[in-house]
Amino acid sequence: MSKREPKALRGPTPRHKEGDEVVYIDTDSAPRLIFSGEDILAEDLPIGTRVVYAKPPIEGLNNRGAAVRYAINHPIDMDPLYAMLAPGMRVTIALDDISLPLPPMRTPDIRQTILEILLELLDANGVDDVHLVIANCLHRFMTEPEMKRMVGKKIFDAFYPDRYYNHDAEEPDNLVHLGKTSHGEPININRRCVESDLVIYVNITLVPMDGGHKSVAVGLCDYESVRVHHDPETIAASDSMMDPPHSMLNTQIVRQGEIVDQHMKVFHIETALNNRMFASATDFLGRNEDEFSEFDRMKYEALRFGLSKLPAAAKRKIFGAIPSEYDVVACYAGKTQPVHDRIVAKLNEQYMVSVKGQSDIAILPIPYVMPYSINSIMNPILVQVMGLGYFHHFYRGKPIVRKGGALILCHPCYDEFDHKFHPSYIEFFNRLLPETRDALTLQRKYEEEFARNPSYIEMYRRGNAYHGAHPFFMWYWGEQGRRHVGKIIAAGAQNAHVPARMGWERAESLTEAIAMARGFVGPSASITLMKWPPIVMADVE
């Protein structure tokens, strides 16, 4: 990336604003701070570039414990929780895994707060057959320190390991077949949950794709249940996975969730967070650069200098040690769909920014962390799913880049993998992608081989590895993006072979990437930078 001093950071400059969150650069204004893996770079953008910023964080609830108690006592379309409880009941509390939220929130985690309230209520009503199950599906099992951090030492010591554990999607005796949907989609769910008198799902819904029926129907299922919608055609048919009414993925999961609700009594407690992803010392990174104070600019220069002296692993460790200062902005409880609808409305209030029209070129900064790289490495497949899967789908209406346009992903694209967490990814990247990048071919020829591989199953069950099928699902999640754009350029990639293997072109810098993109779509091409993080979604008119 550009090595010159970001001299324009010395002071704010004029700019044309349209709305509160969309900024058009029409002068020699301050360089934009762009995330590229573990680095934050100050980059000049061409005159007329549109930069879409996140909204300021919504004010958090004054007393989140009180909000939880109110929600479970005034649920939507269900009886209050205390009215459902009786001595001798079997109750299972299911929890989202470490993929939510990201970066991890400061302690106490909202799941700990909710659990403390629930366990006190269960105890007061004579319910002592209680298990805590992490709804990890085919994600890696959480480690003991991660599990302790999520629920707090007191709860961990009381329940771990016999009554607080990860869901095992590869233990046949641990699963119950509930039936098939009208479209033939099977649904197999954790036995402890199916055989419980009541399942309470404690949910953090970070983006609209999460939560709702996805919590139980995906989080507590197996490979056979999840493969029917984690496939290339479902993703390609999803006109934004972040807009549930237009997501084929959501449609299929809801069908499975309705089967779940026919067989199980599930009480959802769903929460929404604001977008305060940065700690106080680094919160300037999420703001408009034109509004930086002198102190913000000093902090940026100090951060830039410090990062420049460290290897990538050290930078990852530093960023990973800084928890996010999220606030809870909504908590609802009760029946699955109406609870989820209210949470999604709150998320849209926080994330959706009105944007007029699509662009010929979109610039997507890829930060150091994503749902499957917590306490790990952002390997090339995860860079791909972050850019073409998640960020491409961060829209409502239309994608930010037009059909056939150019997409620029800012990331070093390290050829680096975590052997403990992502072993099947290594084989997928080095053995399969040199043969084909076609998602349908990969699905037909190799998905089951990896999914049934005894070594990968053992590493999933006895270690902390993602399931053997997981890299396939992550590749499929980029399918809509791959089919939509005409060219993908990796700006700042530190090597040539990773972008080439992914089917992308490589540029040394963002400036070079923009020139390459303009050569593809035309010299007068319109450009939009989505300024992530924190989370922002484009409501494209």
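The values are calculated or read from the model by the stated rules, or taken from the named source; none is laboratory data. Here the structure is a predicted model, which is why all the values come from computation and not from measurement. Please note: Cβ atoms are built from the backbone with ideal geometry, for glycine as well, and neighbour counts cover all protein chains shown.
Mind listing whichever residues of region 499-530 are touching a Gly at 6+ places or on another chain (Cβ under 9 Å) and either small (Gly, Ala, Ser) or not assigned by TED's automatic domain parsing to the domain that holds Phe472 (or both)?
Result: Ala507, Ser509, Ala513, Ala517, Ala525, Ser526.
Please list, ordered by first then second residue, the pairs with beta carbon atoms under 6 Å, 6 or more apart or interchain, first in region 115-144 and of a type in the set (D, E, K, R), second surrounded by fewer than 20 Cβ atoms within 10 Å (Cβ to Cβ).
Asp129/Arg90; Arg140/Asn464
Table: residues versus (1) in contact with a Gly (Cβ under 9 Å, 6 or more places away or on another chain); (2) without any contact (Cβ under 8 Å) to a residue 12 or more places away in the chain; (3) of a type in the set (Phe, Trp, Tyr); (4) outside the structural domain of Ile488 (by TED's automatic domain parsing).
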site	(1), (2), (3), (4)
Cys331	no, no, no, yes
Gly397	no, no, no, no
Glu416	no, no, no, no
Lys420	yes, no, no, no
Pro423	yes, no, no, no
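Checking the condition at pLDDT 95 or above and assigned to a strand (DSSP E or B), which residue from Val216, Val260, Val254, Val199 passes?
Val199
I need the full set of residues from region 170-180 which are of a type outside the set (A, V, I, L, M) and either more than 30 Å from Pro101 (Cβ to Cβ) or surrounded by 21 or more Cβ atoms within 10 Å (Cβ to Cβ) (or both), in order please.
Pro172, Asp173, His177, Gly179, Lys180
Residues in region 305-354 that are more than 22 Å from Pro108 (Cβ to Cβ), in contact with a His (Cβ under 9 Å, 6 or more places away or on another chain) and not aliphatic (A, V, I, L, M): how many?
Total meeting the criteria: 5.
Counting just the residues of region 381-404 that are in a strand (DSSP E or B) and of a type outside the set (Phe, Trp, Tyr), which one comes out nearest to Ala362 (Cα to Cα)? Spell out the reasoning first.
So the first thing to find is which residues in region 381-404 are in a strand (DSSP E or B), and the list is 395-396, 401-404.
Keeping just the survivors that are of a type outside the set (Phe, Trp, Tyr) gives 396, 401-404.
Working: Arg396: 16, Val401: 6, Arg402: 9, Lys403: 11, Gly404: 11 Å.
That would be Val401.
Restricting to helices (runs of 4 or more DSSP H) lying wholly in region 433-527: which have 1 or more residues that are surrounded by fewer than 18 Cβ atoms within 10 Å (Cβ to Cβ) and in contact (Cβ under 8 Å) with a residue 24 or more places away in the chain? Lay out the reasoning, then the answer.
Working: elements: 439-452, 454-462, 470-476, 479-484, 497-502, 510-521.
Ranges flagged: 439-452, 454-462, 479-484, 497-502, 510-521.
Exactly one of (1) modelled with pLDDT of 95 or more; (2) in contact with a helix residue (DSSP H, G or I) (Cβ under 6 Å, 6 or more places away or on another chain); (3) over 29 Å from Ile76 (Cβ atoms); (4) not polar (S, T, N, Q) is unmet by Leu249. Its number?
Result: Leu249 fails condition (3) only.
Filter region 326-348 for residues that are of a type in the set (Lys, Arg) and either closer than 14 Å to Arg276 by Cα or not in a helix (DSSP H, G or I) (or both) and give the result.
Lys335
Please tell me if Ala362 is in the same structural domain as Ile488 (by TED's automatic domain parsing) and out of contact with any Cys (no Cβ under 8 Å at 6 or more places or on another chain). I'd like the intermediate steps shown before the answer.
Values: in the same structural domain as Ile488 (by TED's automatic domain parsing): yes; out of contact with any Cys (no Cβ under 8 Å at 6 or more places or on another chain): yes.
Yes, satisfied.
Going through Pro471, Pro454, Pro533 one at a time, which residue ends up being modelled with pLDDT under 95 and either in the same structural domain as Cys410 (by TED's automatic domain parsing) or of a type in the set (Phe, Trp, Tyr) (or both)?
Values: Pro471 fails: modelled with pLDDT under 95; Pro454 fails: modelled with pLDDT under 95.
After ruling out the rest, the residue left standing is Pro533.
For a quick check of your reading of the model, give me the residue pairs whose first member lies in region 91-112 and is farther than 10 Å from Ile204 by Cα, whose second is of a type in the set (Phe, Trp, Tyr), with beta-carbon atoms closer than 6 Å and at least 6 apart or on different chains.
Ala94/Tyr201; Met105/Tyr326
Hey, among the residues in region 282-300 that are hydrophobic (A, V, I, L, M, F, W, C) and assigned to a helix (DSSP H, G or I), which one's surrounded by the fewest Cβ atoms within 10 Å (Cβ to Cβ)?
Looking at residues that are hydrophobic (A, V, I, L, M, F, W, C) and assigned to a helix (DSSP H, G or I), I get Phe295.
Among Ser240, Ser196, which is over 24 Å from Ala71 (Cα atoms), surrounded by 21 or more Cβ atoms within 10 Å (Cβ to Cβ) and among the hydroxyl-bearing types (Ser, Thr, Tyr)? Spell out the reasoning first.
Numbers: Ser196 fails: over 24 Å from Ala71 (Cα atoms).
Selected residue: Ser240, the only one of Ser240, Ser196 that is over 24 Å from Ala71 (Cα atoms), surrounded by 21 or more Cβ atoms within 10 Å (Cβ to Cβ) and among the hydroxyl-bearing types (Ser, Thr, Tyr).
Go through region 490-535 and report how many residues are among the polar types (S, T, N, Q) and closer than 30 Å to Ile58 by Cα.
The total comes to 1.
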